[in-house]
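Notes to accompany the following structure.
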Amino acid sequence: MTQHPHSDRPHRHHYDAEMLSVEDARERILSYFRRLEPADVDLLDALDMVLAEDLVAPFDIPPLANSAMDGYAVVTSDVTAASDSSAVELPVAFSVAAGQLPERPLAPGFVARIMTGAPTPDGADAVVPFEDTDELERRGNSSMNGDRIGIKLAAETGDNIRNAGEDVAAGELVLKAGTILRPGAIGVAASLGRSTIKTFRRPVVAIISTGDELLNPGESHQPGKIYNSNAYSIAAEVRRYGGVPLMAGIARDTVESLQERLAVALETADMIVTSAGVSKGDYDVVKDVLAKNGEIALWSVRMRPAKPLAFGTLNGPRGRKVPHLGLPGNPVSAMVAFEQFGRPAIQVMMGRGERQKPSVSAVLDDPVHNYDGRRVYARVVVYQADDGELHAKSTGTQSSGALTSMVVANGLAICPDNVAKMDAGELATVEMLDWPEDVFSSGNGDE
Ligand code: AMP
Ligand code: MG
């Protein structure tokens, strides 16, 4: 074990021996997270968040009985003799547009011209659509009386009338607290007149990259340096899963530099994510800082990529204890570890509960090797082959430094820890990272 000049490593013996399964690590990590408090947000910003209040309808929807068609409101007993070949001609008493109230009840022997969504007048018990009247003939024929209409259908009571409260009745619980607000739910909340809504708050996730070799995108390229891609891939994942990324910059490979970055993050963040500095190199300061300024909760996970992982809580101001996920530095490892541990933490904080991404069973096009008894997450492209079956094609290099493999990968094929090799043709479980439309359009496996 390399000694680090900046650290007294007080807790080393606690975490070094542990090698946890992904499930155990996730369970331990998630035990540090709770649903965040409710907050009002603008309705549209609530998309994909979790509703934190019951929404009860203050009124009926629709508010009044109304027409489902453009046509004529009738008293059905007036039109029992009507048919396509013999129209019953009746005087048009008045008309009703959407948003208007009928000026008076409809008397027997009359009809009312009515538009879709307009309230049906009292006395009317059906609506006959334009296409079952001589509306069009009259429009094109100036010699016909525009104040009368020929009804060509023996309408029955209720035809083309939507009843008040048909969709939602006043007093009804329309959306329960805990509902995930998909577009339909956003629309329903709007139909209740809401412009803001209570949801469980989005977590602020501070992202700090560590490493003397890092440059920020935008800075000029320098020999021996690399751009800080982890902050961006992780921030993008945070945003995709509903969190608010807080770009907290680059820390150099010293305890002091990392502490400086952390001080900013610890003020506001609900979770801190660092990348790199968790393996056993000379300059891996993240675990030292966790041990010094907080409590380290676990160390390595039986998975490939992303074995070195740190998790713990950091002591912030005002007694805050902020969970800290220390991702490995390799760009693919960082993303895979974030998928396994960061994403569910965001879900829990947003009130969505811990839910796995969907898995599919797919035929491997390429073998997956497992060299050292860890669970392998192989980057694959899942596609539907011509035979209709799902296949998983390797993205090529499985090096944990090759971030471009994550550009095309839409899933992670799993080789269990106790299986040394899976052959092409075998069925593997694939955790889907994404469901691009082209999974189910054939022939995309070669893209
Ligand atoms: P470390 O965990 O510090 O040993 O880093 C492992 C590998 O990941 C090294 O090749 C680093 O250069 C690389 N790496 C670390 N941090 C980043 C980052 N923020 N963006 C891209 N690559 C990184
Ligand atoms: Mg490093």
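The values are calculated or read from the model by the stated rules, or taken from the named source; none is laboratory data. Only a predicted model underlies this, so the values are computations on that prediction, with no experimental measurement involved. Cβ sites come from the backbone with ideal geometry, for glycine too, and all protein chains shown count toward neighbours. We work out accessible area using only protein heavy atoms, side chains counted, and drop any ligands, DNA or RNA first. Shrake-Rupley method; radii C 1.70, N 1.55, O 1.52, S 1.80 Å.
Assorted remarks:
- Computed lengthening from Ser191 to Ala68, 0.36 nm per intervening residue step minus Cα-Cα distance: 42.5 nm
- For segment 357-441: rounded, prolate or oblate by the Cα gyration tensor [a/c cutoff 1.5]: oblate
- Nearest-ten-degree value, helix 230-240 long axis tilted from longest Cα axis of the chain: 30 degrees
- Summarising the amide proton neighbourhood of Phe59: residues at separation of 5 or more, or on other chains, whose placed amide H is nearer than 5 Å comprise Gly171.
- Size of charge dipole - segment 175-319 - debye, nearest 20, with Cβ of Lys, Arg +1 and Asp, Glu -1, no other charges: 1000 debye
- Remark: the chain carries a charge dipole of roughly 2120 debye about the Cα centre, counting +1 on each Lys and Arg Cβ and -1 on each Asp and Glu Cβ.
- A straight line joining the Cα centroids of segment 310-330 and segment 103-154 runs 71 Å.
- Alpha-carbon centroids, segment 45-71 and segment 360-385: separation in whole Å: 46 Å
- Stretching the chain fully between Asp434 and Thr268 yields a gain of 56.8 nm (0.36 nm per residue, less the alpha carbon separation).
- For Ser85 and Asp122, the FRET efficiency from 1/(1 + (r/R0)^6), where r spans their Cβ atoms and R0 equals 41 Å, is about 0.80.
- Using the Cβ-Cβ distance between Glu256 and Ala98 with R0 set to 45 Å, the FRET efficiency from 1/(1 + (r/R0)^6) comes to roughly 0.10.
- Sorted largest first by accessible area at a 1.4 angstrom probe radius, with every protein chain in place, the residues Arg26, Arg148 fall in the order Arg148, Arg26.
- This model, with +1 at the C-beta of Lys and Arg and -1 at the C-beta of Asp and Glu, gives segment 357-441 a dipole about its Cα centre of some 400 debye.
- Net length available on complete extension from Lys225 to Arg139 is 23.3 nm, with 0.36 nm assigned per residue and the Cα-Cα distance removed.
- Modelled label reach - Glu131, point 7 Å along Cα→Cβ, segment 58-102 residues with backbone N closer than 16 Å: 68-72, 84
- Calculated [222 nm] ellipticity per residue, helices only, for the chain: -4500 deg cm²/dmol; basis is -39500 (n - 2.57) per DSSP H run with n ≥ 4, divided by all residues, nearest 500.
- Rel. contact order, % - alpha carbon contacts under 8 angstrom, at least six apart, the chain: 16 percent
- Residues of segment 36-80 falling in the label zone of Ala154, defined by backbone nitrogen less than 19 Å from a point 7 Å along Cα to beta-carbon, are 74-80.
- Each residue, Val419 and Ser77, gets one label point 7 Å from its Cα in the Cβ direction; the gap between the two is 7.5 nm.
- Taking amide hydrogens as placed 1.01 Å from N in the peptide plane, the amide H of Asp54 sits under 5 Å from those of Ala177, each at least 5 positions away in sequence or on another chain.
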